[in-house]
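S.K.: Have a look at this one before I ask anything.
The values are calculated or read from the model by the stated rules, or taken from the named source; none is laboratory data. Just so we're clear, the structure is a prediction, and the values are computed from it rather than from any experiment. FYI the Cβ positions are ideal-geometry reconstructions off the backbone, even for glycines, and counts take in every protein chain you see.
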Amino acid sequence: MALAQSKTYTEEDYNDLPEDVRADLIDGQFYYMSAPSRIHQEILMFLSKIIANYIDSKNGSCRVYPAPFAVKLFADDDKTVVEPDISVICDPGKLTDRGCTGAPDWIVEIISPGTASHDYIRKLKLYADAGVREYWIVDPRNERVLVYYLEQSEVKADSYSFQDTLKVNIYEDLWIDFKELPKN
């Protein structure tokens, strides 16, 4: 959650954060994140492995990066750097030593109770404005996944449960069966 801040921060301030501090910098304000839960990490690993294995099996040029991984969505904006839970980047020209500059093709956020509105509202708008093609919000508590295909003119979510198999829109033949997610 954001803490009251009287200063506008920049990418330089973001880069100066200690390595053990996770935060998004949006419009010059820090939004600090607590350590993720075990189920959050289970979902992160489950999805990251499936995506990476798929890309490898196709000899694809895309890369998958789990958090922490810095994404500067707009090259000319030094006041916004985010750390999505999973970033899939298909343009190697966007990759830098620090992370990614430009919109990833696909972002997955796994929500925590304290970050829900941040992911559902603030980041949805930010990702749509930046040109992210596909955005998934995974809600472990309610066992739901919202899928936004942001290339469409109307931004709306398709809702799925952890009992569904989801099509990844940026690929022709990648489906993810959430029933295969390891059970608690």
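S.K.: In this structure, does Val168 turn out to be buried (at least 16 other Cβ atoms within 10 Å of the Cβ) and touching a Leu at 6+ places or on another chain (Cβ under 8 Å)? I'd like the intermediate steps shown before the answer.
M.R.: Values: buried (at least 16 other Cβ atoms within 10 Å of the Cβ): yes; touching a Leu at 6+ places or on another chain (Cβ under 8 Å): yes.
Considered against the rule, which asks whether it is buried (at least 16 other Cβ atoms within 10 Å of the Cβ) and touching a Leu at 6+ places or on another chain (Cβ under 8 Å), Val168 comes out as yes.
S.K.: I need the full set of residues from region 116-135 which are under 11 Å from the mean Cα position of the chain (by Cα) and in a helix (DSSP H, G or I), in order please.
M.R.: Step one: filter region 116-135 for residues under 11 Å from the mean Cα position of the chain (by Cα), giving 119, 123-124, 127, 132, 134-135.
If the condition is that a residue be under 11 Å from the mean Cα position of the chain (by Cα) and in a helix (DSSP H, G or I), then Asp119, Lys123, Leu124, Tyr127 are the ones that fit.
S.K.: Additional query: Could you list all residues from region 97-115 that are of a type in the set (D, E, K, R), modelled with pLDDT of 95 or more and under 18 Å from Ala23 (Cβ atoms)?
M.R.: Glu109
S.K.: Also: Please go through region 1-53 and give me each residue that is of a type in the set (Gly, Ala, Ser) and part of a strand (DSSP E or B), ordered by number. Full working, then the answer.
M.R.: Start the filter on region 1-53 by keeping residues that are of a type in the set (Gly, Ala, Ser), which leaves 2, 4, 6, 23, 28, 34-35, 37, 48, 52.
If the condition is that a residue be of a type in the set (Gly, Ala, Ser) and part of a strand (DSSP E or B), then Ala2, Ala23 are the ones that fit.
S.K.: Within region 120-147, restricting attention to residues that are of a type in the set (Asp, Glu) and either in contact with a Leu (Cβ under 6 Å, 6 or more places away or on another chain) or within 22 Å of Leu174 (Cβ to Cβ) (or both), which residue is surrounded by the fewest Cβ atoms within 10 Å (Cβ to Cβ)? Spell out how you get there, then give the answer.
M.R.: Looking only at region 120-147, we keep the residues that are of a type in the set (Asp, Glu), and these are 129, 134, 139, 143.
Okay, now just the ones that are also either in contact with a Leu (Cβ under 6 Å, 6 or more places away or on another chain) or within 22 Å of Leu174 (Cβ to Cβ) (or both), so 134, 139, 143.
Details: Glu134: 20, Asp139: 20, Glu143: 13.
The extreme case among them is Glu143.
S.K.: On to the next question. Which members of region 71-115 meet the condition of being loosely packed, with under 14 Cβ neighbours inside 10 Å and part of a loop (DSSP other than H, G, I, E, B)? If you could, list the steps in order and put the result at the bottom.
M.R.: Pass one, region 71-115, residues loosely packed, with under 14 Cβ neighbours inside 10 Å: 75-76, 92-93, 96-97, 113-114.
Within region 71-115, Ala75, Asp76, Thr96, Asp97, Pro113, Gly114 meet the criteria.
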